[in-house]
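Novice: The structure under discussion is supplied below as structure tokens; questions concerning it will follow.
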Amino acid sequence: MQNNLTPEQVAKLASIYHVLAHSDRIHLLRILFLGPKTYSELMFESRTNPRMLTWHLKMLKKSPIPFIEKEQGKKGRYYLTGFGKVYNEKIYPYDLALVEYLMKHRKSD
């Protein structure tokens, strides 16, 4: 198989995977897949402490290709961007398949 990605594209892809490297961020994306949520709703549904929730939301917003945005205003709701929807609809199912494969084929310790 030929590598068609430039070094810059590989770096961008790696930075996106870095954002997805925490289970809480993936969980937040799955919650937002069901619809926009306020900060309080996300805190309650994700059971994440406020400081960490703020950090995770910032990471999802500041990704090279943002996964989420926030409506204007103090009580604005968070919602998925087009890329956040693509992740949930197209990429997440592959992630699940990978996890299932790894669980099935993991070595016994």
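The values are calculated or read from the model by the stated rules, or taken from the named source; none is laboratory data. Small disclaimer: the values here were computed from a predicted structure and weren't measured. Counting neighbours? That spans all protein chains shown, and the Cβs are built from the backbone with ideal geometry, glycine included.
Novice: Of the residues that sit in region 64-80 and are in contact (Cβ under 8 Å) with a residue 24 or more places away in the chain and within 23 Å of residue 14 (Cβ to Cβ), which one is surrounded by the fewest Cβ atoms within 10 Å (Cβ to Cβ)?
Specialist: Once the filter is applied, the top-ranked residue is 64.
Novice: Regarding residue 96, is this residue outside any loop (DSSP other than H, G, I, E, B) and surrounded by 15 or more Cβ atoms within 10 Å (Cβ to Cβ)? Can you show your working first?
Specialist: Working: outside any loop (DSSP other than H, G, I, E, B): yes; surrounded by 15 or more Cβ atoms within 10 Å (Cβ to Cβ): no.
So residue 96 does not fit the description; no.
Novice: Another question, if that's okay. Check whether at least one residue in region 17-40 is surrounded by 14 or more Cβ atoms within 10 Å (Cβ to Cβ), part of a helix (DSSP H, G or I) and over 12 Å from the mean Cα position of the chain (by Cα), and report yes or no.
Specialist: Yes, that holds for at least one residue.
Yes or no, residue by residue, for (1) of a type outside the set (A, V, I, L, M); (2) under 21 Å from residue 73 (Cα atoms); (3) at pLDDT 95 or above:
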site: 8; (1), (2), (3): yes, no, no
site: 12; (1), (2), (3): yes, no, no
site: 15; (1), (2), (3): yes, no, no
site: 27; (1), (2), (3): yes, no, yes
site: 34; (1), (2), (3): no, no, yes
site: 44; (1), (2), (3): yes, yes, yes
site: 50; (1), (2), (3): yes, yes, yes
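Novice: Let me ask something else about it. Taking the residues in region 49-58 that are out of contact with any Phe, Trp or Tyr (no Cβ under 9 Å at 6 or more places or on another chain) and in contact (Cβ under 8 Å) with a residue 12 or more places away in the chain as candidates, determine which candidate is surrounded by the most Cβ atoms within 10 Å (Cβ to Cβ).
Specialist: So the residue we want is 56.
Novice: A further question follows. What number of residues within region 10-48 are in contact with a helix residue (DSSP H, G or I) (Cβ under 8 Å, 6 or more places away or on another chain) and not aliphatic (A, V, I, L, M)?
Specialist: Number satisfying all stated conditions: 11.
Novice: Based on this model, can you work out whether residue 46 counts as on the phi < 0 side of the Ramachandran plot, surrounded by 16 or more Cβ atoms within 10 Å (Cβ to Cβ) and not β-branched (Val, Ile, Thr)?
Specialist: yes
Novice: Quick check: is even one residue across region 61-69 assigned to a loop (DSSP other than H, G, I, E, B) and more than 22 Å from residue 21 (Cβ to Cβ)? Working first, answer last.
Specialist: Of all residues in region 61-69, those assigned to a loop (DSSP other than H, G, I, E, B) come to 62-67.
Retained after the next criterion (residues that are more than 22 Å from residue 21 (Cβ to Cβ)): none.
Within region 61-69, not a single residue is assigned to a loop (DSSP other than H, G, I, E, B) and more than 22 Å from residue 21 (Cβ to Cβ).
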